[in-house]
1. How big is the dipole moment of chain B about its Cα centre under a simple scheme where the beta carbon of each Lys and Arg is +1, that of each Asp and Glu is -1, and everything else is neutral? Debye, nearest 20, please.
2. For region A:349-377 and region A:259-299, what is the centre-to-centre distance using only Cα atoms, to the nearest Å?
3. Quick one: helix A:89-98 against the long Cα principal axis of chain A, what's the angle to the nearest 10°, folded into 0 to 90?
4. What is the average number of partner chain Cβ atoms found within 10 Å of a Cβ in A:183-192?
5. With unit charges on the beta carbons (Lys and Arg positive, Asp and Glu negative) and the dipole taken about the Cα centre of region A:2-482, which residue among A:49, A:447, A:287 sits farthest to the positive side?
6. Mind running the shape call on the protein assembly as shown? Use the C-alpha gyration tensor, a ≥ b ≥ c as the square roots of the eigenvalues: rounded below 1.5 for a/c, prolate if a/b tops b/c, oblate otherwise.
7. Whole-Hz Karplus ³J(HN,Hα) for region A:310-327, in order, using 6.51 cos²θ - 1.76 cosθ + 1.60 and θ = phi - 60°, x for Gly and Pro?
8. Between the alpha-carbon centers of region A:9-63 and region B:27-94, tell me the distance in whole angstrom.
Amino acid sequence: MDFLNYGLEVLNFTNILWLVIGAFVGAVLGALPGQCATTGIAMFIPLTFNLEPVTALITLGAIYVMGSYGGNITAILINTPGTSDSFFMTFDGYPMTRRGEGLRAIGISTISAFIGGMIGIFALLTIAPPLAQVAYKFGPLEKFLTMTMGLVIIISLSKDKMLKGLLSACIGFLCSMIGIDIISGITRFTFGINQIYDGLPLIPVILGMFAVSQVLALVGEKSETIVVDRSAIQGSVFLSFKDIMSMNVNNIRASIIGTIVGIIPGAGTTVAAGISYDLAKKSDPHPESFGKGNEQGLASVSAANNAVVGGSLIPLLTLGIPGNGTAAVFLGGLYIHGLAPGTKLFTTDAKQIYGLFWGLILAQFFILIIGFYGAPIYEKVTRVPTNILIPIVGCVCILGAYVFRYQSFDALLILFFGIVGYYFRKADIPMIPFILAYILGQGTEMQLRRTLFLMEGRIGSVLLQPLPLALLTIDLLFLISPFWGSIKKHFTKK
Amino acid sequence: MDNKSTKKNINHNYILVIFLYIWSSIFLFIIPSIKNVDSRLFPYIISILTIVSATLLLLKTYYNWGKKEDPVDFSGTLSALVMAVLLFVYTVTIAAIGFYLATPLYLFISMWVLGQKNIKLIFTVSLLTPLVVYVFFDFLLKLQIPKGFLFS
């Protein structure tokens, strides 16, 4: 009922206009190789400062949704996924294009993405509010264990790069400790630099690590402009009702998988798409046709990808644990606008959050608009040479740093972290643990110190409570999980 | 993987480890000067964790534990650094002469350096971008676009 009431309040001209802008930005960024929803959200956070929080969230939400979908069209038409999310789209989408069914493939991807997105948001609407009530019962120890759980999961999912993931997180934590200690008020590790007296500012760090580092990486790659073959844009993008119904089973299954995977921090769209594709293939009467233009395969991947968006926001908005990198940056956007995950978001700040939900729902309809009518426009967008795109993105990033605190120091900071981020990319050091640790660092330290203060030496009795014990067990399980195969092998040999 | 690539990979990880040792040591050196005892706890934990993880990485690299890492490819880094320098000069120029004067210069030079040879296109983009920013962010959003110390 709250959701419907707030809908009437938030769906005004300004919010819808910004929804359209965010959807357009997300769609374009998703399509352009080297750009993604994460970059779009990072770039737009400072540019939404003067907006109402609900308007800002609607804009960022629209970028998230459309950024996840945006890479589908280029993946299908030119075998070049705009983002890693759309990688699986090339398996069956591009073969369909090659046999003259490019627009039909876009139609399938569009409908499936819409269904997946709506199911993900439905899950968000139904699970998030009661989960936020559960989070209300969390004390300092439970909050500490929850925050570390998000980090442990993301690091453990790095598998072969676990050590580098851990180092990335440590660097993020060290950065988060620069500035004022929020409990004692003492400044730490500022090295006499006044501009970081109250800590490293969020926007330059995020923009630098994601957007500027991407700009530098693109320059280094010397990538050429990609051209869409006009003959691929033939036929009809609209599907018959019978065609849509024939994909229902795969769409719904993939959407549920995508939502569940989205909830698990670190798993991401690639995992969701991979699992959904595999299941669709195994349940198909002609599995040998997968990878050669199978419509069911394409549908399952598309639905799973978009369902992840809603799923990833569930742990983010309730427990403050981002489901993936894009959600981690989105968390930064929440903090910038004075919002914090948890019960308060669904009570005092309910207008903002239900506004976001409405924005996410309406953004799904933009998927239909872009998908059904946008292919010829995409063909033009992908023609933008990278030697024009890169300087413009660099300009927007520097501007974003300036408008944050109106200090030149922030623009220099963005460059510094841009170079750090570039190094991370080259050295294959995962960036998400750094960002997560940096954003959650102060909160994690605060909860740890509160816990130690309240425990007063009674560590055992406190840890043996059901909830802390369950959270600690999950933490340890995820820590051991990458080594489980080796441990099993070792004992089997014996 | 040839020997030269393997050697490059090992050298890179050693450099990373040395950097992390230095950085953690600086933090460990500074921590005792923090007046409040409780404020020292978390920095200690993280600094020690960093040193332990860096040591594990060192051992992993030296003894070749686990899956062999692909050699780090730093090709293109020179071009990237040129872009970084351009962005740095752009940042300093904004502080001096403001966004609306610095941006066309930066865009013109950047596009030229990155290989764009269509002069008309370069001029169009260089002039259009600040205009779009003015309309969108200055006029509509009322964001304070930097004017530079020469004009403020």
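FYI, it's all coordinate maths here, none of it is from the lab. As the structure is a computational prediction, the values presented were derived from the model and not from experiment. When we count neighbours, we look across all protein chains shown, and the Cβ atoms used for this are built from the backbone with ideal geometry, even at glycine.
1. Magnitude of the dipole: close to 80 debye.
2. Region A:349-377 and region A:259-299 have Cα centres separated by 24 Å.
3. Helix A:89-98 sits at roughly 20 degrees to that axis.
4. 4
5. Of the options given, the answer is A:287.
6. The shape class here is rounded.
7. Each residue's phi maps through the Karplus curve to give x, x, 5, 7, 5, x, 5, 6, 9, 10, x, 9, x, x, 7, x, 5, 5 Hz.
8. 32 Å
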